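Contents: one structure, followed by commentary.
Just so it is clear, none of the values below were taken in a lab; they were calculated from the coordinates. A quick note: this is a predicted structure, and the numbers were derived from the prediction, not measured. Counting neighbours? That spans all protein chains shown, and the Cβs are built from the backbone with ideal geometry, glycine included.
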Amino acid sequence: MNTINTKVAQVLQQADQISARNGLDAQSIKRGFANHLKYDLAEDQYTAGPMDRFLALAWSIRDRLIKGWVDSQQTHHRHRAKRVYYLSLEFLMGRAMINNLINLGVEKQARQAMEELDIDWSELVEQETDAGLGNGGLGRLAACFMDSLATMQIPAFGYGIRYDYGIFRQVIENGYQHEEPDDWLRDGNPWEVPRPDYRIPVHFGGRVERYLENGRPMFRWVETQTVVGTPYDMPIAGYRSGTVNTLRLWGARGTEEFDFEDFNRGDYIGAVEHKVTAENLTKVLYPNDNVYVGKELRLRQQYFFVACSLWDILRRFQRDSESWDELPNKVAIQLNDTHPALAVPELMRLLMDEHKLEWGKAWDLTVRTLAYTNHTLLPEALETWPVSMMERLLPRHLQIIYGINHYFLDDVARLYPDDYDRLRRMSLVDEHGEKRVRMAHLSIVGTHSTNGVAKIHSELLKKRLVPDFAEMYPDRFNSKTNGVTPRRWLRHCNPALAGLITEVIGEDWISDLGQLSRLKEMADDSAFRDRFREVKQHNKRQLAGYFARELGVQIDPNSMFDVQIKRMHEYKRQLLNALHIVMLYNRLLENPDADVVPRTFIFGGKAAPGYIMAKVIIKLINNIAAVVNRDPVSRDKLNVIFVPNYRVSLAERLFPASNLSEQISTAGMEASGTGNMKFMMNGALTIGTLDGANIEMMDEVGPENIFIFGLSADEVATTRETYNPREVYEANDEIRKALDLIFDGHFNKQEKGIFDPIRQLLMSTDYYLHLADLADYAATQQRVSQLYKQTQEWDRKAILNVACSGHFSSDRTIAEYAREIWHAVPVRVRGSLDMSDTIEQARAPRS
């Protein structure tokens with residue numbers, strides 16, 4: 001075997017030398033493209049279509065990632081490096097082609113290769129389907145983190161699910177959202193490599209059997225139903241760092257293709273029943289959980305990917321290490337929200353039942369290895385699972401959770417004697433009504449670190465959401481403000497602005513975003529402001545052309561592009577934005593000559609399939625658009641567009657073209673936001689509340705360069721105690737007239753009563769305080785309009801926003817995680833730049 005390995009290694013080394021000699025120039029890329037077109041796709045110049053050409057180029061680029069991928073894994077293994085494992089049920093990756101080309105440093109060569117073959121570059125890259133394996137910010141954050149981990153040379157794996165169908169494709173018909181399957185794998189995924197040799201059995205149901213081993217009580221999980229997890233690996237290249245990490249996504253398969261006996265009896269459906277049931281596990285991202293079956297499927301999904309991932313992590317650890325004592329020193333596992341919270345009892349189960357460690361040792365290793373990120377301040381969004389469901393699906397895990405809870409409540413009782421209400425509040429199991437396991441509590445107790453994702457979010461997490469835990473574990477709580485990767489969200493999506501920046505300060509900003517601060521002095525340079533404005537106008541014209549081609553909608557590039565793109569939710573307050581549009585429309589109805597700055601209001605976002613109110617708000621926005629865009633009084637001044645099927649590749653068009661960024665959530669509700677950072681980075685001004693990362697954005701750019709309005713988080717809490725939205729309605733004429741226009745059917749003359757739920761929402765509790773903030777929002781929007789007329793001053797502030805966005809790089813966020821939570825360090829891969837000081841640089845105070 002050693003002789004075989006040696007000879008194989010020699011051949012591989014020769015292949016590497018050939019690749020190094022011929023790999024990254026345009027001629028070599030053309031040769032690789034032609035080989036894949038001919039030998040993998042069996043196409044030639046006469047039969048190849050656009051998708052064939054995309055796949056051939058994608059495989060050619062993937063070939064050039066492979067060497068760095070193999071070198072990275074070998075280096076990490078050879079150095080016995082500590083690895084970071086990022087567990088996330090969502091990875092909203094988007095398209096990979098351009099990002100891989102940029103990070104490899106061969107975008108120019110690839111373009112040249114295709115041009116020399118007379119292949120339309122724009123048409124080719126448009127063939128790629130978004131990998132829509134996420135619902136919103138949480139999944140996109142995970143994708144940014146993977147990019148930064150590789151760029152900073154930190155050995156890392158991402159773990160998630162390879163959903164057959166991603167987040168649904170949104171279709172708007174008569175103003176209503178309809179969901180269609182997102183068949184993102186219909187043409188295959190050229191970036192993935194199946195790894196069937198690493199298949200892992202995952203068990204559900206059954207019962208727990210107690211037995212004695214050397215006089216010690218042990219437990220076996222028996223009589224289970226088994227599903228097989230098959231990994232699919234995607235290479236994640238860092239920006240010119242030499243490191244290529246791995247995103248490993250798990251697909252579910254049955255233990256057998258079909259039951260041969262059932263098939264022979266003619267029961268063709270029964271023969272494949274187990275296979276179909278097993279594969280349903282990873283069929284759809286976030287099944288509708290309004291029904292019990294949907295809830296159960298989601299719990300199965302969460303355990304499935306956790307079980308596969310932890311088994312794989314421990315397999316890799318045992319290959320490199322001999323003692324379990326080393327586990328926290330070699331493995332750092334980050335739980336991205338509570339979706340992977342079952343990692344706590346699963347790691348305990350593996351250590352105790354499979355590897356025979358006693359409880360105390362297993363618990364110590366579990367807590368020191370796992371860390372948890374909280375992403376929500378909404379109590380209803382904190383996951384809980386019925387004890388009855390968990391007992392049926394995961395009986396051993398429920399047993400372990402009860403054990404954890406027993407020891408934990410003993411500690412609480414010792415620290416806070418006779419405080420029985422505290423015991424009830426802090427218990428991992430909610431005993432009120434239907435017994436439920438509190439996954440956030442489990443995540444906090446079972447990990448050594450709990451972090452929020454913005455300063456205000458982290459404080460509210462400790463003060464309001466879980467104050468008892470923050471008091472008991474003060475050293476476990478910390479803050480890590482989110483960030484976004486500048487490679488995708490500036491260098492890739494806004495090449496015109498990226499080129500201007502590089503011309504002025506060089507290209508090092510791409511991996512050190514703090515260097516954008518050097519643009520501050522350019523804000524007062526009138527010539528630079530002119531060039532900056534032309535870049536923005538260029539991007540706006542491109543977006544207008546896209547809307548004309550794809551949506552059949554005409555928009556004025558000279559109007560202000562006022563953009564709100566995010567998941568549809570009441571707390572994000574798309575409804576507040578819509579109410580303001582109705583107020584502006586009313587002003588024009590009363591006075592057609594009113595001084596209204598022409599605006600194009602752009603909305604984009606998906607409502608969860610079962611979220612009825614969010615769907616009604618989508619319908620309202622579309623109905624407002626239908627009226628306002630056609631009315632001769634308003635159509636030259638107000639244009640409203642709801643862009644269907646908002647996704648990463650569409651976001652890449654919208655951020656560069658935006659003038660105004662809407663970040664108007666009810667204060668104290670948004671954990672961080674990352675869209676706000678992307679807008680800022682691309683030269684949009686922000687109108688927003690003191691919520692999430694808006695506060696830190698204001699600190700960076702200065703309150704004079706951002707439009708802040710509305711109640712603070714503390715004021716929201718106080719206002720709710722006595723708030724009566726009807727009093728606002730009756731006291732403010734403009735608000736009352738705008739609401740009456742909606743309630744009287746002006747926007748739904750043929751569909752009586754469809755907006756009654758909005759009347760009920762606004763005039764009863766108005767929990768998210770739309771009417772309480774509306775007057776201040778409208779007044780602040782008037783200040784926005786006045787500034788937009790002063791083009792030089794607007795551009796100066798926009799440039800300052802770009803210059804002050806360096807803090808919001810995901811590289812900075814990852815450096816903080818690595819230094820303060822994971823204690824992971826960069827590992828230089830052969831032939832790459834030395835990035836070992838990047839973590840320490842993040843420690844330096846910012847000026």
* Asked: Karplus couplings for the stretch 545-559 from phi (6.51 cos²θ - 1.76 cosθ + 1.60, θ = phi - 60°), rounded to Hz, Gly and Pro as x?
  -> x, 4, 4, 5, 6, 8, 10, x, 10, 9, 10, 8, x, 8, 6
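Could you order the peptides 156-164, 672-680 from most to least packed, using the average number of other C-beta atoms within 10 Å per residue?
Details: 156-164: 25.1, 672-680: 27.4.
Final packing ranking: 672-680, 156-164.
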* **Relative packing of peptides 552-563, 114-125 - highest average C-beta neighbours within 10 Å first** => 552-563, 114-125
* To do: Take the alpha carbon atoms of the stretch 380-515, find their radius of gyration, then divide it by 2.2 N^0.38 Å using N residues; give the quotient.
  => 1.54
* To one decimal place, what orientation-averaged projected area in nm² is obtained for the convex hull of the Cα set of the stretch 86-215? -> 14.9
* To do: Enumerate the amide H contacts of ILE161 below 5 Å, restricted to partners 5 or more residues apart or on another chain; note that Pro and chain-start residues carry no placed amide H.
  => TRP250
* Structure fact -> Relative contact order as a percentage, the chain, C-alpha pairs under 8 Å and 6+ apart, gives 14
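Normalised by the residues of the stretch 678-720, what does the relative contact order come to in percent, with Cα pairs under 8 Å and at least six apart?
Details: 31 pairs, mean separation 18.0, N = 43.
Across the stretch 678-720, relative contact order equals 42 percent.
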* Asked: In whole angstrom, and with the biggest value first, how far do the Cα coordinates of the stretch 29-72 range along each principal axis?
  -> 39, 15, 15
* Structure fact -> Short to long, in 10 Å steps from zero, the percent of alpha-carbon pairs of the stretch 441-532 per bin is 14, 31, 16, 20, 16, 3
* Asked: Given the chain, what percent of its DSSP beta bridges are antiparallel, to the nearest 5?
  -> 45
* Pull up all non-local amide H partners of THR246: gap of 5 or more, or a different chain, and H-to-H distance under 5 Å with H placed in the peptide plane. => ALA156, GLY158, ILE236
* Cα coordinate range in the stretch 558-660, projected on the principal axes (Å, largest first) -> 41, 30, 21
* Asked: When the gyration tensor of the stretch 593-710 is built from Cα positions, what are the square roots of 5 times its three eigenvalues, in whole Å, from largest to smallest?
  -> 25, 20, 14
* Counting only residues 5 or more places away or on other chains, whose amide H sits under 5 Å from the amide H of VAL640 once H atoms are built in the peptide plane? -> PHE601, ASN629
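Could you rank the peptides 376-389, 411-424 by their average count of other C-beta atoms within 10 Å per residue, with the highest value first? Could the numbers behind the result be given before it?
Working: 376-389: 16.4, 411-424: 12.1.
In decreasing order of mean packing, 376-389, 411-424 become 376-389, 411-424.
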* Report the dimensions of the chain along its three principal axes from the alpha-carbon atoms, largest first, rounded to Å. => 88, 75, 67
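Take the Cα pairs of the stretch 708-816, get the Kirkwood Rh, then feed it into Stokes-Einstein at 20 °C and 1.002 mPa s and tell me D in µm²/s. Walk me through the numbers before you get to the answer.
Working: Rh = 17.3 Å.
Answer from the Stokes-Einstein relation: 124 µm²/s.
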* List, in the order given, every pair from LYS108/LYS572; LYS520/LYS678; LYS536/LYS566; LYS615/LYS797; LYS30/LYS283; LYS749/LYS789 whose Cα-Cα distance in the structure shown is over 29 Å. => LYS108/LYS572; LYS615/LYS797; LYS30/LYS283; LYS749/LYS789
* Mean residue ellipticity (222 nm) of the chain, computed from DSSP H runs ≥ 4 via -39,500 (n - 2.57), nearest 500 -> -14500 deg cm²/dmol
* Structure fact -> From the Cα centre of the stretch 504-545 to that of the stretch 125-156, the distance in Å is 25
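Counting only C-alpha contacts under 8 Å and six or more residues apart, can you give the relative contact order of the stretch 72-202 as a whole percent? Could you put the intermediate results ahead of the total?
Numbers: 141 pairs, mean separation 39.3, N = 131.
Result for the stretch 72-202 is 30 percent.
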